[in-house]
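Let me begin by presenting the structure, written as structure tokens, before commenting on it.
The values are calculated or read from the model by the stated rules, or taken from the named source; none is laboratory data. All values reported here derive from a predicted model rather than from experimental measurement. Counting neighbours? That spans all protein chains shown, and the Cβs are built from the backbone with ideal geometry, glycine included. What goes into the accessible areas is simple: the full protein's heavy atoms, side chains included, and nothing from ligands, DNA or RNA. Shrake-Rupley method; radii C 1.70, N 1.55, O 1.52, S 1.80 Å.
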Amino acid sequence: MKIIIASHNEHKIKEFIPLLEPFGFEVTSLLELNDHQEIIEDGDTFEANALIKAKSIAEKYQAYALADDSGLVVPAIGNEPGIYSARYSGEPKDDHRNNLKLLERMTGLEGDQRKAHFVSHLVVYAPNGDYLSVEGKAEGQILEALQGDEGFGYDPLFYYPPAKQTFAQMPLDEKNKVSHRRRAIDQLQQSLPTWLEGVQDETTGS
């Protein structure tokens, strides 16, 4: 079985390969396929956008496809930046500018109003149209100033209480154990065997 990781992000690809190979998949990616087709992600949720990407690639190559969509959600400001996390401050996407916009939007907010969570939604799409959807979250709060030089995106503003530091202050291997993507991957590992069995039974007619 071939599965295509619908990403050009080397870090994501490296993270997903060892997860998928034990299930008998021959793993490749859009990066390896040199496929730079732009997929219009016009869904209104993380799940919808991950599904759009996975379905598009699965149908194009008649293979399994894995896609993810992730971002930061701050309930006190209408769940911004949400699905627009990467380009919150406009084009071209710029992490520092996004952080400054978020700080400005949250001016004057205190205590529980600064609560936030990262979301990662993963979708595996089968050639027959079945799909598996899972989600992971990491809960924290938004600081009033950037702290830390590790990570990317909103990590310097995202304070993770169990570690008593921001994601950008945590060593990468420590952050990866508790991140939203790690939790989504854990969900996927638990659900994938049973789902695959059902897909294959359906395909063979057994």
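So the values come out like this:
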| item | result |
| --- | --- |
| Single unsatisfied condition, M106 versus (1) surrounded by 19 or more Cβ atoms within 10 Å (Cβ to Cβ); (2) closer than 22 Å to F46 by Cα; (3) not small (G, A, S) | (2) |
| Residue under evaluation N128, criteria (1) surrounded by 15 or more Cβ atoms within 10 Å (Cβ to Cβ); (2) touching an Asp or Glu at 6+ places or on another chain (Cβ under 8 Å), criterion not met | (1) |
| Flag for E197 being of a type in the set (D, E, K, R), more than 19 Å from N9 (Cα to Cα), open to solvent by 80 Å² or more (accessible area, probe 1.4 Å) and modelled with pLDDT under 95 | yes |
| Candidate set: region 21-54, residues that are of a type in the set (G, A, S) and without any contact (Cβ under 8 Å) to a residue 24 or more places away in the chain; chosen: the one most open to solvent (accessible area, probe 1.4 Å) | G24 |
| Which listed residue is surrounded by fewer than 16 Cβ atoms within 10 Å (Cβ to Cβ) and touching a Phe, Trp or Tyr at 6+ places or on another chain (Cβ under 9 Å), from E144, E139, E174 | E139 |
| Among residues of region 113-144, those that are in contact with a Pro (Cβ under 9 Å, 6 or more places away or on another chain) and without any contact (Cβ under 8 Å) to a residue 60 or more places away in the chain, counted | 7 |
| Condition met for I57 (crowded, with 18+ Cβ neighbours inside 10 Å, β-branched (V, I, T), under 30 Å from Q200 (Cβ atoms) and more than 14 Å from the chain's Cα centre (by Cα)) | yes |
| First in region 1-20 and in contact (Cβ under 8 Å) with a residue 60 or more places away in the chain, second anywhere and assigned to a loop (DSSP other than H, G, I, E, B) and open to solvent by less than 10 Å² (accessible area, probe 1.4 Å), Cβ under 6 Å, 6 or more apart | K2/A63; I4/A63 |
